[in-house]
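Undergrad: Structure in structure tokens, see below.
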Amino acid sequence: MSQTIQIKRSDSALITALDPDLAAGEMAYVSTSGTNKLYIGHPDGSTGSVAIGGASYMSKLDGIEAYADVTDTANVTSAGALMDTEVDADIKTLSLPANTTISAFGASLIDDADQAAARTTLGVDAAGTVNYSHPTHDGDDIDIDTEPLTGATVISDLDFNVTTDTLGHVTDANASVATRTLTLGNLGYSGDTDANNYVHPTSAGNKHIPSGGSTGQFLKYSSSGTAVWAADNDTTYSVGDGGLTQKNFTTALNTKLGTIETNADVTDATNVANAGALMTSGGSLTGQLDITNTSSTNATLYLKNSDGGATPCWLQMQKASASPANGDAIASILAKGKNGASSAEDITYGEILVTATDVSDGEEASKIEFKVMNGSGAPTTALTATADNVTIAGDLTVAGTTTTVNSTDLAISDNKVTLNSGYTGTSAPDAGLTVERGDYTNVEIFWKESINDWIILTAGDNTDTAVTSTLLHSGNSSTATYTIDGGTW
């Protein structure tokens, strides 16, 4: 349904008669005498009009910021309020009782106008010193004295009485004690006769040692729980071989017992040594020491030195011969095993042997040999070392990157020396010989792979300037002439 808004012109006549004259939907603006209001007829058609605007309303609107936001942090803070994010969650969920009673002291503290008044209420000065004085009371002591109790007198009743004020302070205290005399009835006896009527049991295990007896006698069994004194006849019994029916004590056993020392101690160092054993604290052993292990683990001789210094663990073998001679075997370490065809036959698979080569006083010398089994039936010497020489019986393979020989003279019996041994494929690296010349430039003779030529690299007149010359082409198609000590070639 369409609606019509009619706007009436404002004039002085409308100023006083405007309100009742505007019908629903009619509008009129009045600016006379500073009114500056817009009127609209009451929407529901009743009498009277609704005023919109005016100078006072405009002033209020002018005072509101553009796009005013009452939830803006700055506006909330300016209004003296707190943002939701500034309020702790525990405070948000705090539930207060319907009625909260504040004590007179609390109300006085809340009503204090300033800090000085609050300090006065709390009883502290500006420095925070507490000026509170706790009330004092005379109190009281409790004294109980019954004098020493003797005979059958005991305490029958003990009462303590303590009086306090509303703050829990003791204002009075006293106690009382009463005594009484125990009777036989209190102890469970019916009379004097019962009090002294103890009877010691006479059953087996509760009997006393019988009276009597004399020096040299002993107690012997008479019956169950009963012993009697008896005389010792000092009888000596002799039993010959086989004289006992069980556990015969023979002459041989007697001889064994007779040879055991008095107070024999099997842990004594002398006894241990005589038995051919060693003390754990050390000592010497004569003869052969066998370490046998029948399990799958190794039979191990473990040497341990707990000294924190540089002292090593020594495995020392000494030939204590009074008349040593050249060629004497001083010490040997053997590695043995069983023959595959016969477990009774021992096979020496390896040996380290030290032999004296000169036993002259002050001139002692020796050699050490490393022997291994090579299928010949007995170990053969693979390496022999003396103070001056090392001899290797077989081939020597060096797997490292660099081999350094510091010998003064190098003698090689082979008539050919192979360089680049083991190299495979094409484009082999250059190979040759280099002569070290100290402060001067080294000289070389080598095969130049890239041009298939032998090259001589020399230096003239001991200078450090190298000169390169082609010695011979690979096809022997050309030669070069060189002067060597006045000759040609």
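The values are calculated or read from the model by the stated rules, or taken from the named source; none is laboratory data. None of these values were measured; they are calculated from a predicted model. Cβ placement follows ideal geometry from the backbone for every residue including glycine, while neighbour counts extend to all protein chains displayed.
Undergrad: For the range 113-128, give me each residue that is hydroxyl-bearing (Ser, Thr, Tyr) and free of Cβ contacts under 8 Å to residues at least 12 places away in the same chain.
TA: 120
Undergrad: What are the pairs with Cβ atoms under 7 angstrom where one residue, in the range 445-467, is closer than 11 Å to residue 430 by Cα and in the same structural domain as residue 435 (by TED's automatic domain parsing) and the other, located anywhere, is at pLDDT below 75 and in a strand (DSSP E or B)? Sequence gap at least six, or different chains.
TA: Every condition considered, the pairs that remain are 453/470; 453/473; 454/471; 454/472; 455/468; 455/470; 455/471.
Undergrad: Any residue that is under 52 Å from the mean Cα position of the chain (by Cα), of a type in the set (Ser, Thr, Tyr) and farther than 23 Å from residue 316 by Cα - is there at least one of those in the range 349-360?
TA: Within the range 349-360 (the criterion being under 52 Å from the mean Cα position of the chain (by Cα), of a type in the set (Ser, Thr, Tyr) and farther than 23 Å from residue 316 by Cα), the answer is no, since none of the residues qualifies.
Undergrad: Which one is farthest from residue 156 (Cα to Cα), of the residues in the range 168-191 that are free of Cβ contacts under 8 Å to residues at least 12 places away in the same chain and surrounded by 13 or more Cβ atoms within 10 Å (Cβ to Cβ)? Quick ask: steps written out before the conclusion?
TA: If we filter the range 168-191 for residues that are free of Cβ contacts under 8 Å to residues at least 12 places away in the same chain, which is where we start, we get 168, 184-191.
Subsequent filtering for residues that are surrounded by 13 or more Cβ atoms within 10 Å (Cβ to Cβ) retains 184, 189.
Numbers: 184: 16, 189: 20 Å.
Result: 189.
Undergrad: Quick one: which residue in 347, 291 is among the β-branched types (Val, Ile, Thr), on the phi < 0 side of the Ramachandran plot and surrounded by 10 or more Cβ atoms within 10 Å (Cβ to Cβ)? Break it down into steps so the answer makes sense when it comes.
TA: On the way: 291 fails: surrounded by 10 or more Cβ atoms within 10 Å (Cβ to Cβ).
Going through 347, 291 in turn, just one is among the β-branched types (Val, Ile, Thr), on the phi < 0 side of the Ramachandran plot and surrounded by 10 or more Cβ atoms within 10 Å (Cβ to Cβ): 347.
Undergrad: Moving to a separate point now. Based on what the data block shows, is residue 463 at pLDDT 85 or above and of a type in the set (Val, Ile, Thr)?
TA: Values: at pLDDT 85 or above: no; of a type in the set (Val, Ile, Thr): yes.
It is false that residue 463 is at pLDDT 85 or above and of a type in the set (Val, Ile, Thr).
Undergrad: Give me a count of the residues in the range 373-427 that are within 51 Å of the chain's Cα centre (by Cα) and among the small types (Gly, Ala, Ser).
TA: 5
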